[in-house]
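Working notes for the structure below.
The values are calculated or read from the model by the stated rules, or taken from the named source; none is laboratory data. Keep in mind the model is a prediction, meaning the values are calculated, not measured. Glycine gets a Cβ as well: all are built from the backbone with ideal geometry, and neighbour counts include every protein chain shown.
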Amino acid sequence: MSRVTVVTDSAAALPPDLATSLGIRVVPLWLTIGDERHRDGDIALDELVRRFSEPITTSAPSPGEYAREIADARQRGPVVVLTVSKRMSSSFESVVLAAKLVADDAVQVAGAGAEAGRTAADGGATATGDDARGVTVVDTGTAAGAQGLVVLAAAEAASRGEPAAAVVAAAEAVAARVRLVATVADLERLAASGRVPEAARRLGDRLGVRPLFEFRDGRARPLRPAFSAAVACDRIVQRCIADAPTSPPVPGRLHVTVLHALDPAAADDLARRVAALEPATCHVGPFSPVMVAHTGRGLAGLAWWWQR
């Protein structure tokens, strides 16, 4: 049986060495600053921050870029593509079109908001997800480290030689459980991108607090703010603990990603705190320029899911 190839976009914030070791193919998003267009990762974060006063937009890879990646991977067997939430990017729609162009009717759509068995080819019939060269497109319903955890679950299933249907099932199981909670230095960039209400940004500025938010359903939802970065990090870890299926949490059941955007000190603090929970897996996922364009600098947080 041919091994399934897992493809995702750069919003997943996967460390390159981790993606390479698991055979994950990452298609970069695009960042436009003024009249300049950059692939995600091609511009230094410090330069991006210096240019925050300029017009900045982000965009999904084109269908042609995805089609090339899918066509190459499809020579080796089935392909599962996992995208950032379609509520915050057109990446999902771009992949579906690319897969339709490459694989015709051997395309299945799955994930958040997808109809069971719906195909890109006919809008309703069941496609063969385990077809020797079939393509399944999955909306993870999330982003950043949470998306990365969904992708890692799929890649690990693929590395065990599981068929495409099992790889998709592994991804969807984690997508249903994954959480992402973070703190930022301020909400200016998130408000500018429409991820949080402008009123929440103004309140945070007026109170001089450390904003906290949970990313859910394609939006950053403000939580009760903290009055210091240390208190914010403590609240994030406490939310992770409260989400455990047992009390006290069982060691070895937690899978976690420590997130940060130009704040390695806060990431180190979170990693130290979460180490006490004895997670089964833990890695640090620095944000790429495209994600920093939305969050601004000074973000730190956790994405996690508990294995039941």
Report summary line: Of the residues in the range 186-215 that are crowded, with 16+ Cβ neighbours inside 10 Å and over 22 Å from ILE56 (Cα atoms), the one that is modelled with the highest pLDDT is GLU214
**Report entry** Residue satisfying all of: in the range 277-291; aliphatic (A, V, I, L, M) and touching a Pro at 6+ places or on another chain (Cβ under 9 Å); surrounded by the fewest Cβ atoms within 10 Å (Cβ to Cβ) among these
**Finding:** ALA280
Requested in this report: Might you check whether a residue that is within 30 Å of GLU36 (Cβ to Cβ), in a loop (DSSP other than H, G, I, E, B) and outside the structural domain of ASP46 (by TED's automatic domain parsing) occurs anywhere in the range 263-272?
Outcome: yes
Query raised in the report: Among the residues of the range 39-57, how many are surrounded by 17 or more Cβ atoms within 10 Å (Cβ to Cβ) and either among the hydroxyl-bearing types (Ser, Thr, Tyr) or in contact with a Ser or Thr (Cβ under 8 Å, 6 or more places away or on another chain) (or both)?
Result: 2
**Report entry** Only listed residue being out of contact with any Leu (no Cβ under 7 Å at 6 or more places or on another chain) and over 14 Å from ALA143 (Cα atoms), chosen from ARG272, ARG297, ARG235
**Finding:** ARG272
Query raised in the report: Out of curiosity, is ALA169 more than 16 Å from the chain's Cα centre (by Cα), modelled with pLDDT of 95 or more and outside any strand (DSSP E or B)?
Result: yes
Report summary line: Only unsatisfied item for GLU162, checking (1) at pLDDT 65 or above; (2) of a type outside the set (S, T, N, Q); (3) in a loop (DSSP other than H, G, I, E, B); (4) within 21 Å of the chain's Cα centre (by Cα), is (4)
Query raised in the report: Which of (1) of a type in the set (Lys, Arg); (2) touching a residue at least 60 places away in the same chain (Cβ under 8 Å); (3) over 25 Å from VAL151 (Cβ atoms) is the odd one out, the single condition ARG239 does not satisfy?
Result: (3)
Query raised in the report: Any idea how many residues of the range 254-276 are buried (at least 21 other Cβ atoms within 10 Å of the Cβ), hydrophobic (A, V, I, L, M, F, W, C) and farther than 15 Å from GLY148 by Cα?
Result: 5
